[in-house]
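In what follows, a structure is listed as structure tokens, so that the remarks can point back to it.
The values are calculated or read from the model by the stated rules, or taken from the named source; none is laboratory data. Because the structure is predicted, anything quoted here is derived from the model rather than measured. Backbone-built Cβ (ideal geometry, glycine too); neighbour counts: all protein chains shown.
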């Protein structure tokens, strides 16, 4: 091999080093500034809601029925309604989502049809929630005749969070190394025994995380339940799955836009917003805790 | 590679010995006839034909990419899970062609156990790693499972190291211990044949020596086939050796003969380190 002769003009290292240092500094500053702006807005939102809402927050607010055209009393029906709607959504979406994900990841090959289906599911996650609301109105409320009810709302929310649950479950299954699958086959497991006994337990923390994020999303949405489940005000707590319910996000909307006593109602709206925020943040926190614990335990 | 002297050869537990060997008069356990494997357009194994004897260790050697792993994974139909694999030819075990369409691979894998290149215990406790396989094959009684688990762990020379921590995660064990756990897992379901796919390539010399001793002990009861990169290992432990090159079985015979007086020039070049 030949080595080329030394060049007459040596690299001007010194001046170029200064230039590089400057570019480096500017770059880091821009990244840092972006972070600060983002954190600032997140922080402001939480502080703002907390300050405005904390005034009305007490035990009665959380546990009592609303009184005097919603200018007094609590928001218990809205809290319960949101709880029931989210629970209902999970009951419908979880089994369907997990089974779909197992089939997609473990039982299908890498052909075009499967790719299209996976793409479709991912895109479903990006559909505006009001579209799900309209769909729920047409199918569950009208066609199946469930009316404006807990059932219709739960089903609509379930369809909305299905893609979230499917894609997080698929990711959780994908993260399980194939060596576990081979080991399962190696001791004479059928495919189902291998999936059921080895893969699912190992993927469970990931699946749970996705599910909780799905619940958080369901709890916070307004549009899907707008035409399918909620009422502005009910004197009683929901009696059956065919009752109308109150829900926190819609409650806030209604208090702000439709109230007759804005002075008393706006603080209640902020109080409700704070409760909803804490609820969703709490759920996310649980998801984070499960994920970190699983990561610590995971040794493969 | 150093041979570690102070390792007690593990005792085989009588309870595991019920698997009566079904060997024919020529002492043949597996007959491989015109085995051809291709993945897509890549023809990996070409007309491989030879017999594997009962209660012996057969080593398969050859340079990287010669088809060793593909070959051993044919013996328990592990290549079936690769969609592009096309396999023709016959492998006869107990008078039945294991590639017969009516032969379920999971039934075969009960008879032909496997230990993989990298230790791959299940993400479960030590005891559950073995109990899982037993339950698959219909053993439900808790005491029965426990008895068999203990017996298999003892046979894999792992008992003293894990007896106080059977409920700990299998990942708390060292690499060598994990590999012996994988051997115990294979032993627990009482196979007839055990396949070792480069079982020591991820292990240190001491763990390797332990596993080699274990294999020599196990051949009294099982037919063992091992794929290895390590020629010394093949020479140390095997009774028969097959040399695969570019998908063809160049030479097969008794290990002592193959290593001292190879019939083929190619074999000689390989074992003397002229290529590979």
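Got a number for residues in segment A:92-119 being touching a helix residue (DSSP H, G or I) at 6+ places or on another chain (Cβ under 9 Å) and either surrounded by fewer than 19 Cβ atoms within 10 Å (Cβ to Cβ) or closer than 30 Å to residue A:230 by Cα (or both)? Here the count works out to 14.
The residue that is nearest to the other protein chains (Cβ to nearest Cβ), among those in segment B:163-202 that are under 16 Å from the mean Cα position of the chain (by Cα), assigned to a loop (DSSP other than H, G, I, E, B) and at negative phi, is B:189. Criterion first (at pLDDT below 95, in contact with a helix residue (DSSP H, G or I) (Cβ under 8 Å, 6 or more places away or on another chain) and in a helix (DSSP H, G or I)) does residue B:275 satisfy it? When the stated conditions are applied, residue B:275 does not pass them.
Hey, could you check segment A:175-196 for residues that are out of contact with any helix residue (DSSP H, G or I) (no Cβ under 8 Å at 6 or more places or on another chain) and either within 7 Å of chain B (Cβ to nearest Cβ) or in a loop (DSSP other than H, G, I, E, B) (or both) and say which is farthest from residue B:195 (Cα to Cα)? Checking each candidate, the answer is A:177. Which of the residues belonging to segment A:179-205 are closer than 20 Å to residue B:185 by Cβ and within 29 Å of the chain's Cα centre (by Cα)? The answer is A:195, A:196, A:197, A:198, A:199, A:200, A:201, A:202.
Per-residue answers, yes or no, for (1) touching a residue at least 24 places away in the same chain (Cβ under 8 Å); (2) in contact with a helix residue (DSSP H, G or I) (Cβ under 8 Å, 6 or more places away or on another chain); (3) surrounded by fewer than 10 Cβ atoms within 10 Å (Cβ to Cβ):
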| position | (1), (2), (3) |
| --- | --- |
| A:43 | no, no, no |
| A:51 | no, no, no |
| A:55 | yes, yes, no |
| A:64 | no, yes, no |
| A:77 | yes, no, no |
| A:90 | yes, yes, no |
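At least 2 residues being within 16 Å of residue A:273 (Cβ to Cβ) is the threshold, and among the helices (runs of 4 or more DSSP H) wholly inside segment A:31-124 those reaching it are A:59-63, A:76-102.
Of the strands (runs of 3 or more DSSP E) contained entirely in segment B:49-156, those carrying at least 1 residues that are away from chain A (no Cβ under 13 Å) and surrounded by 21 or more Cβ atoms within 10 Å (Cβ to Cβ) fall at B:57-61, B:85-93.
Residue B:256 meets each of the listed conditions (1) outside any loop (DSSP other than H, G, I, E, B); (2) surrounded by 21 or more Cβ atoms within 10 Å (Cβ to Cβ) apart from (2).
A quick yes/no check of all residues on (1) surrounded by fewer than 21 Cβ atoms within 10 Å (Cβ to Cβ); (2) more than 14 Å from every other protein chain (Cβ to nearest Cβ); (3) not in a loop (DSSP other than H, G, I, E, B):
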position: A:214; (1), (2), (3): no, yes, yes
position: A:232; (1), (2), (3): yes, yes, no
position: A:256; (1), (2), (3): yes, yes, yes
position: A:270; (1), (2), (3): no, yes, yes
position: A:276; (1), (2), (3): no, yes, yes
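Read through the list (1) more than 14 Å from chain B (Cβ to nearest Cβ); (2) more than 21 Å from residue A:283 (Cβ to Cβ); (3) in contact (Cβ under 8 Å) with a residue 24 or more places away in the chain; (4) over 19 Å from the mean Cα position of the chain (by Cα), then give the number of the only condition that residue A:100 fails. The number of the failed condition is (4).
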